[in-house]
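The values are calculated or read from the model by the stated rules, or taken from the named source; none is laboratory data. Keep in mind that what you see is a predicted model, and the values were worked out from it rather than measured. Please note: Cβ atoms are built from the backbone with ideal geometry, for glycine as well, and neighbour counts cover all protein chains shown. Heads up: the accessible areas ignore ligands, DNA and RNA and are worked out on the full protein's heavy atoms, side chains in. Shrake-Rupley method; radii C 1.70, N 1.55, O 1.52, S 1.80 Å.
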Amino acid sequence: MASKKGKRLLLLGILLVVIDQVIKVLVKTNMTIGEHFSVIGDWFQILFVENEGMAFGMKFGGAVGKLILSLFRIGLCAFLCWWISTLVRRGTPQARAKDAGKPAVPAGVLIGLTLITAGAFGNIVDSLFYGLIFSASGPGTVASFGGHYAPFLFGKVVDMFYFPLWRWPEWMPLVGGDIFFEPVFNFADSCVTVGAIYLILFQYKFFSTD
């Protein structure tokens, strides 16, 4: 049973990473930086930007920060893979001695962690390999395969989902005139966010008692 559960989670993770990468490659090889088009009215757009730092367009410490972030993502992804594999075995004869007698882990916990892991891995792929396999994107330049715009670990993460839902009224202090939700993000970011929110809202009891 544990083996079947593990294979299903692996297939889910692979599917999510493939979806993420297909979207990113299509955007990067067909759009220029800053190019956009509407999907549903003005509030859901595809807007191509490249993120040199953290999720949702945040930045972190220049080149050194980029290197640290890439290494952190790799370490986090490796830890999550190990943790999921450990949780999958819980409640089975193959469980470690310290987990003996503990009930099987709820499927929701495993799925939530898989979403987070797949999202982290999807953005790792960009950082590790995009600089090695693509030419640089620019305001008037569409990238192509076969280029080399950055070294290993320094590739830029492709973002494209943009939801400018509304602008705050001009009279409001601090936020007047600003867009309510301005960050541009990608499918991998969505996986991490959905997985984390799901675990916090619906699986918190597992983490508080585990």
**Request:** Would you kindly derive the ³J(HN,Hα) couplings of region 116-127 from the backbone phi angles with the Karplus curve 6.51 cos²θ - 1.76 cosθ + 1.60 (θ = phi - 60°), listing them in order in whole Hz, with x for Gly and Pro?
**Result:** 5, 5, 4, x, 4, 5, x, 6, 4, 4, 4, 5
**Message:** Given the -39500 (n - 2.57) contribution per DSSP H run of 4+ residues, what per-residue ellipticity at 222 nm results for the chain, rounded to the nearest 500 deg cm²/dmol?
**Reply:** -15500 deg cm²/dmol
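Using C-alpha positions alone, give me the convex hull volume of the chain per residue in cubic angstrom.
Working: hull volume 33.4 nm³, N = 210.
With only Cα atoms used, the chain gives 159 Å³ per residue.
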**Request:** Take 89, 73 and sort them by solvent-accessible surface of the protein heavy atoms, 1.4 Å probe, largest at the top.
**Result:** 89, 73
**Prompt:** Of the peptides 161-171, 15-25, 76-86, 188-198, how do they stack up when ordered by the mean number of other Cβ atoms within 10 Å, highest first?
**Reply:** 188-198, 15-25, 76-86, 161-171
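Given 0.36 nm per residue, what is the gain on full extension from residue 76 to residue 11 after removing their alpha carbon distance, in nm?
21.4 nm
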**Fill in**
Taking a probe of 1.4 Å and leaving out DNA, RNA and ligands, the chain shows per residue an accessible area in Å² of 55
**Message:** Quick one: 3J(HN,Hα) in Hz for region 22-38, Karplus 6.51/-1.76/1.60 with θ = phi - 60°, rounded, Gly and Pro as x.
**Reply:** 4, 4, 5, 5, 4, 5, 5, 9, 10, 10, 9, 4, x, 5, 8, 8, 7
**Message:** For a quick check: with amide H placed at 1.01 Å from N, whose amide H comes under 5 Å from residue 181's, ignoring anything fewer than 5 positions away on the same chain?
**Reply:** 165, 166
**Item:** the chain - percent of accessible surface contributed by carbon and sulfur, probe 1.4 Å
**Value:** 72
**Request:** With r as the distance between the Cβ atoms of residue 3 and residue 180 and R0 = 41 Å, compute the FRET efficiency 1/(1 + (r/R0)^6) and round to 0.05.
**Result:** 0.35
**Prompt:** For labels at residue 136 and residue 44 in the simple 7 Å Cα→Cβ model, what's the distance in nm?
**Reply:** 3.5
**Fill in**
Taking only protein heavy atoms and a 1.4 Å probe, the highest-to-lowest accessible-area order of 159, 42 is 42, 159
